[in-house]
1. For the subset of region B:116-135 comprising residues that are without any contact (Cβ under 8 Å) to a residue 12 or more places away in the chain and more than 15 Å from A:TYR96 (Cα to Cα), which member is surrounded by the most Cβ atoms within 10 Å (Cβ to Cβ)?
2. Output the number of the condition that A:SER57 fails; it satisfies all remaining conditions of (1) closer than 20 Å to A:MET11 by Cβ; (2) modelled with pLDDT of 90 or more.
3. Of everything in region A:81-122 that's part of a loop (DSSP other than H, G, I, E, B) and within 12 Å of chain B (Cβ to nearest Cβ), which residue is surrounded by the most Cβ atoms within 10 Å (Cβ to Cβ)?
4. So which residues in region B:79-119 are in contact with a Phe, Trp or Tyr (Cβ under 7 Å, 6 or more places away or on another chain), away from every other protein chain (no Cβ under 12 Å) and either under 28 Å from A:VAL15 (Cα atoms) or not in a loop (DSSP other than H, G, I, E, B) (or both), if there are any at all?
5. Out of all the residues in region A:4-27, is one or more more than 12 Å from the chain's Cα centre (by Cα), at pLDDT below 70 and at negative phi?
6. Quick check on this structure: which one of B:THR132, B:THR122 is part of a helix (DSSP H, G or I), within 14 Å of another protein chain (Cβ to nearest Cβ) and in contact with a helix residue (DSSP H, G or I) (Cβ under 7 Å, 6 or more places away or on another chain)?
7. Among the residues of region B:59-74, are any in a loop (DSSP other than H, G, I, E, B), of a type in the set (Val, Ile, Thr) and at pLDDT 90 or above?
Amino acid sequence: MFFQSNEFKVMEAGVQAAWMQQKLHLQNIANLETPGYKAKGLVFEDALKEARGKRDSSSDGSVVRAEIVTQENTVVRPDGNNVDFDSENVSLYKAYVQYSLLLDKITGQFSNYSYVLNSNMK
Amino acid sequence: MAFLGTLDIVGSALTAERYRTDVIMQNIANEKTTITENGEPYRRKQVVFQERPLSFQEELNKAKGGVRIAEVRESDREFKAVYDPTHPQADEEGYVLYPNVDTTEEMIDLMAASNAYEANLTALSVVKAMITKTLEMNK
């Protein structure tokens, strides 16, 4: 079935990743005025493994593991905060676009299947 | 429902900025208050924010993210002494102590708070769109 296929698992992981991204950008925007707060970003573990050259094929790809990293090397305001609202906003929108694109894709696949399943009942 | 936790992040920020606005208003309102309960002029109050940590590993530890108010600090800047011998609160030399509130400073703070509030509202509209998208997925 479609929802057991690799393709579906990859899309599911994508949806999860986009949701986590979105949550993190919200956290950054919420702390726009928190003294000493440093903007945070996500690094996905698979990407990390790939970079280290030891990606294992045993993981099924449907569970997303990510690490939260603090961005230390950007411009810091006098109150010790380095959140850039504009870039956070754009990244948030990016996560939104990725998310809705994947959801549309999944919905499309499901409607294809239901078309096939119901095609003999005219 | 897990995805509603996201709204808590934006919600906490909106609450915090709202509270900050209230404190700024309080400062402006008391700009000329020469006496308070403890006998001295009104002291300028300042809200200090603190991050509420966010974690994806410890979903159950209530690490749900957002921002919270750490404290409301009273400014220990000097009071403004104004010569006004006819004032009921004037001392022997005719000086009255006025609060250490600077209206310009408060107005700038107010602008910052309102900008941050709006920024979070913009973010909220994106979250709302995402949640709607999720709910309408199987239509």
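The values are calculated or read from the model by the stated rules, or taken from the named source; none is laboratory data. Just so you know, these numbers come straight off a predicted model, no measurement behind them. When we count neighbours, we look across all protein chains shown, and the Cβ atoms used for this are built from the backbone with ideal geometry, even at glycine.
1. Here the answer is B:ALA119.
2. Evaluating A:SER57 over (1) closer than 20 Å to A:MET11 by Cβ; (2) modelled with pLDDT of 90 or more leaves (2) as the failure.
3. A:VAL83
4. B:LYS80, B:ALA81, B:VAL82, B:TYR83, B:TYR95, B:LEU97, B:TYR98 - these are the residues of region B:79-119 that are in contact with a Phe, Trp or Tyr (Cβ under 7 Å, 6 or more places away or on another chain), away from every other protein chain (no Cβ under 12 Å) and either under 28 Å from A:VAL15 (Cα atoms) or not in a loop (DSSP other than H, G, I, E, B) (or both).
5. No; the residues of region A:4-27 include none that is more than 12 Å from the chain's Cα centre (by Cα), at pLDDT below 70 and at negative phi.
6. Of the residues listed, the single one that is part of a helix (DSSP H, G or I), within 14 Å of another protein chain (Cβ to nearest Cβ) and in contact with a helix residue (DSSP H, G or I) (Cβ under 7 Å, 6 or more places away or on another chain) is B:THR122.
7. no
Yes/no matrix, rows are residues, columns are (1) of a type outside the set (A, V, I, L, M); (2) in contact with a His (Cβ under 9 Å, 6 or more places away or on another chain); (3) more than 22 Å from B:ARG20 (Cα to Cα):
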position	(1), (2), (3)
B:PRO85	yes, no, yes
B:ALA90	no, no, yes
B:TYR98	yes, no, yes
B:ILE108	no, no, no
B:ALA123	no, yes, no
